[in-house]
Each structure stands twice: as structure tokens, then as C-alpha cells.
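What follows is a set of notes on a single structure, which appears directly below.
Values in this text are rule-based calculations from the coordinates and carry no lab data. Values in this document were obtained by computation on a predicted structure and should not be read as measured data. Positions of Cβ are backbone-derived with ideal geometry, glycine not excepted, and every protein chain shown enters the neighbour counts.
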Amino acid sequence: MERAAPFSTLRRRLRIVTLLGALLALLGGYTVIERAAPAEARIVRVAEFLADCPYSHRLPDDPIIFPGLPGASHMHSFFGATTTNAYTNLSDLLNSNTTCNPRVDVSSYWVPTFYADNVPVEPAIVTFYYLGEGVRSDIVANTQPLPLGLRIVAGNARATAPDSTTNSRWSCLHAGHVGASKDFVNCPSGTMIESYLDFPQCWNGRDLDSPDHKSHMAYPVNQACPSSHPVAVPKLRQVLRYPVSGNPARFRLASGAGFTMHGDFFNAWPEAEMMRRVRDCIRPVIKCGADGRPS
Amino acid sequence: MRPTAGIPATAALLVVVLLAGGCAAPPASAPGTPTGAPAVAGQSATPAGTPSASGPFNGTDIAWLQLTVAMHERVLPLLELVPERTAQPDVRRLAAQVRDTSRTELDRSRRLLDRSGAPKTNPHEGHDMPGMVTAAELTALGAAPDAEFRRLFGRHLRAHLEQSVRVASAEQRSGADPDTTTLAGTIARTGNAYLAELTELQP
């Protein structure tokens with residue numbers, strides 16, 4: 001149930017799948033999902049691997065948008081690599097420590113800092129899912145690894161209102177009935193407000209970044225990557241759980257309202273580790289854990 | 001002799017040395033250039049449809065120009081409020097000087113940004129950015145009585161100038177385009193001079 005599924009419909013479907021699984025387990029002693037062969041009885045047919053990367057540090061820096069300009073940005077909360085600042089480049093990341101499980105992920109991830117009553121709040125649970133979904137199954141089967149050094153920015157930090165381009169969502173952990181929203185939601189006491197953000201997964205095959213930091217990547221159209229961005233890579237889904245609930249009037253992000261949620265990703269997975277996970281988890285549609293093995 | 005332990009350690013050291021060497025490779029690059037350069041100039045061609053920025057501009061130049069345009073656009077309405085909100089001659093004179101300088105610097109920044117070919121999007125729209133007066137603060141200023149106005153104005157102008165000097169100094173260190181780093185030098189210098197005047201006016 002803790003899988004990377006943001007919307008209530010998906011949740012419902014998951015609940016049904018889980019129920020079915022439990023029933024099958026009772027009946028046959030197997031957890032068979034879809035048409036898994038008996039030999040693969042415990043394999044879950046979801047194309048996924050993940051990294052859990054707790055909070056590392058805060059700085060008003062952004063090495064993608066404001067490289068070389070410390071103090072030029074609104075406040076960011078960093079996850080993964082522990083040294084990221086305005087000057088960070090790929091070799092800095094490759095030599096950095098990380099907060100991630102697995103430790104091989106020395107990528108840097110950052111988001112605008114979340115404030116409740118003007119006090120910074122850092123997420124208690126930070127998970128980055130890498131998924132083979134959103135494109136047709138034949139495209140998933142041909143997913144390419146995220147290239148080393150790739151930079152991706154998702155979400156619209158400059159949004160002035162929630163609109164059709166808002167792709168971040170807020171919801172409540174353990175309170176699915178509240179539903180997902182483009183802006184902060186009022187979560188029942190004892191639950192956590194959570195943010196979901198999917199990154200674009202179609203790469204132009206050439207550039208590790210672009211002048212506007214967006215145009216080298218694209219979202220799929222009709223379950224396929226557009227011809228301008230033909231290379232399907234794993235879809236990064238950022239899931240942050242903040243240990244706060246209640247009236248969202250108390251909440252803001254360093255970039256503004258809830259719909260300005262955005263995420264920055266600087267890929268520093270060692271190429272062999274990324275490749276292994278794409279080959280063993282994404283392409284064959286197998287749910288893997290942080291170690292990149294079936295979970 | 002422990003060859004089995006020694007070889008991996010040597011190999012690891014070699015990897016580190018190679019990585020460090022690769023990063024520092026271009027002797028011409030200033031600190032920070034490796035960070036900025038790939039964004040526009042290095043590694044690969046710019047995407048189709050994006051104006052080429054393959055000139056001497058690096059990522060720091062472009063980020064700083066975009067930021068400088070945004071900061072100057074934001075401070076001008078603050079400066080333009082002064083004549084109608086206060087009769088104090090020294091404050092009016094300083095505001096007029098900073099306004100004229102800001103207009104010139106804004107114009108130079110825009111022209112350099114044009115030459116860089118970078119997108120003119122303002123990455124800071126609606127943000128709670130250091131040194132930038134917010135729309136709500138401007139509204140409050142527009143209604144404040146003279147003494148209160150001068151106090152708030154001094155605070156906002158100081159925040160703007162301090163942030164301008166901070167990022168201009170970083171651009172001087174990490175930028176690549178000579179015209180852009182020269183402009184950064186000018187902005188840092190005038191910013192410091194205005195800060196000194198402001199301190200004399202409002203210690």
C-alpha cells in the first residue's frame with residue numbers, strides 16, 4: 001500500500017489487488033499477481049525500483065537554476081548527496097556522501113522548503129521511485145537508463161494558480177478519503193500531508209540540461225514519447241511525507257502556495273547500478289526494493 | 001606484501017584522481033565554470049528551437065543576468081514610490097540616483113541576456129526571493145506615512161542592494177562572459193557605494 005500511487009483511483013485499485021492477493025494467498029499459498037509463472041511466484045509485476053533519501057540540509061542555493069550563485073535562490077531542502085550547494089557539479093556528487101538507501105545513489109534531489117507557521121518542516125519520509133509506467137508496455141520493455149549527469153526539473157515554481165499544467169499533487173498519508181489536490185489539503189489529525197510529483201520521462205537523447213532546464217525533457221503523449229524526445233527513461237516519482245496535518249492556511253513553500261511545488265534532480269547513480277535496475281526491474285516489469293532486487 | 005588489498009586501493013585512488021582531473025581539466029575555467037558550463041555550452045548541442053548560446057556565456061552568466069533583470073524590475077516600483085511618499089530631500093536624492101543607475105543596469109543586463117540567447121523567462125516570478133520586495137510589501141509602502149515609509153524603504157533598499165552585491169560578486173568569480181562579469185563588477189561597486197550612503201542616511 002505504500003507504493004508510488006498518487007491518486008485515489010489507483011489506491012482503490014491497489015486495495016483490490018491487495019485483497020485479491022490476500023485471497024489467493026489464502027487459497028493457494030502463493031502471492032500470484034497477473035500471470036506470473038509459479039517459478040516467479042513472489043514477483044510483483046510492477047516496474048519499479050526506489051531510493052529512500054532522508055533530509056540532508058537546507059541552503060538558498062540551486063546548482064541547476066543558479067549555478068555559481070550562492071544565496072540566489074529561495075530556500076531549498078536537499079536530499080541524497082550531502083554536499084550539494086550552488087557550485088555542485090557531477091564530480092562533486094560522485095565524491096559525496098549520501099543520505100540515500102541504497103548508498104550507491106549519490107544523486108542530489110531538492111525541493112522548496114516547506115513551512116508551517118513560518119517554521120521549516122522537513123519530510124519524515126522521502127522516497128524517490130523510478131517507474132516504468134505512463135508509456136505503452138512495449139516502450140517500458142525498451143526503457144533506457146537515465147544518463148549520468150542528467151538534470152531534470154519538474155513542477156512549476158512560478159505558477160500563480162493551479163492549472164492544467166500543475167502536475168504536483170497533495171494528499172494525506174493514511175487518509176485517502178481526503179483525495180488529491182493541486183494545492184495543500186486539510187489532513188486529519190494524526191496523518192501526514194504528502195506531496196507527489198512525477199518528473200518527465202522522455203529525453204531528447206542529447207542534452208544533459210538545456211538553457212531553460214526543461215526543454216531537453218518531455219512528458220509522454222498518448223502513452224508514447226514524442227519524436228522530439230524519443231528516449232524513454234524511468235519516470236522519477238518524488239514522494240514526500242511531512243509530519244504535519246490540519247489547517248493548510250498555516251502552510252507555505254519557499255516558492256509560494258502548494259501548487260508551486262517543484263523538484264530538481266541531478267542524476268549521479270553509477271551507470272552500472274542504474275543499468276542493472278533498468279534491466280532487472282523496469283524492462284521485465286518487476287517490483288524491486290532499494291537494493292535493485294525483487295522485493 | 002598484500003597485493004590483493006593493494007590493487008583495489010590503487011585502482012580506487014586512480015579513479016578519484018581521474019575524476020578530479022576530468023573536472024579541473026579546462027585550464028581557462030574559473031571556479032564554478034564546470035558547474036555552469038554544461039547548461040548551455042558544454043557537453044552537447046543545445047536543443048532544436050532554442051537559440052544557440054554557444055558563445056562565451058556559461059550557466060552562471062545566464063542565471064545571474066536573469067536574476068539581475070528580475071531584481072531590478074522589482075526594485076524600480078519601490079524607488080518610484082519615493083517622490084510621492086516622502087518630502088525628505090536626502091532620501092529623495094538617493095532614490096533618484098539608485099533609480100537612474102538601476103535603469104541603466106537593467107538595460108545593459110537585458111541586452112546581454114539577448115546576446116546570450118537564453119530564455120527571457122523570469123525564474124523568480126511570485127517568489128519569496130532574498131532581497132526582493134513583495135507585492136504585499138509594496139502595497140503597504142504605498143499607504144505608509146512619511147516616517148514609516150522612510151524606515152521601510154530603507155530596509156527594503158538595503159536588502160536589495162546587499163543581495164545585488166552578493167550575487168554580483170559571485171558572478172565576478174564564476175561567470176565566463178567578459179562583458180557580463182564587467183557589468184557584475186560595476187553593479188557590485190555602485191551597490192556598495194549606495195549602501196554606504198544609505199547607512200549615512202539611516203544608520
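Quick notes on this one:
- Single unsatisfied condition, residue B:161 versus (1) surrounded by fewer than 15 Cβ atoms within 10 Å (Cβ to Cβ); (2) in contact with a Gly (Cβ under 8 Å, 6 or more places away or on another chain): (1)
- Some residue of the range B:107-128 being out of contact with any strand residue (DSSP E or B) (no Cβ under 6 Å at 6 or more places or on another chain), part of a helix (DSSP H, G or I) and at the interface with chain A (Cβ under 9 Å from one of its Cβ atoms): yes
- Given (1) touching a strand residue (DSSP E or B) at 6+ places or on another chain (Cβ under 9 Å); (2) within 13 Å of chain B (Cβ to nearest Cβ); (3) farther than 18 Å from residue A:268 by Cα, index of the condition residue A:68 fails: (1)
- Looking at A:215, A:255, just one residue is surrounded by fewer than 22 Cβ atoms within 10 Å (Cβ to Cβ) and of a type outside the set (Lys, Arg), and that residue is A:215.
- The range A:85-115 - residue that is more than 11 Å from chain B (Cβ to nearest Cβ) and among the polar types (S, T, N, Q) and, of those, surrounded by the most Cβ atoms within 10 Å (Cβ to Cβ): A:108
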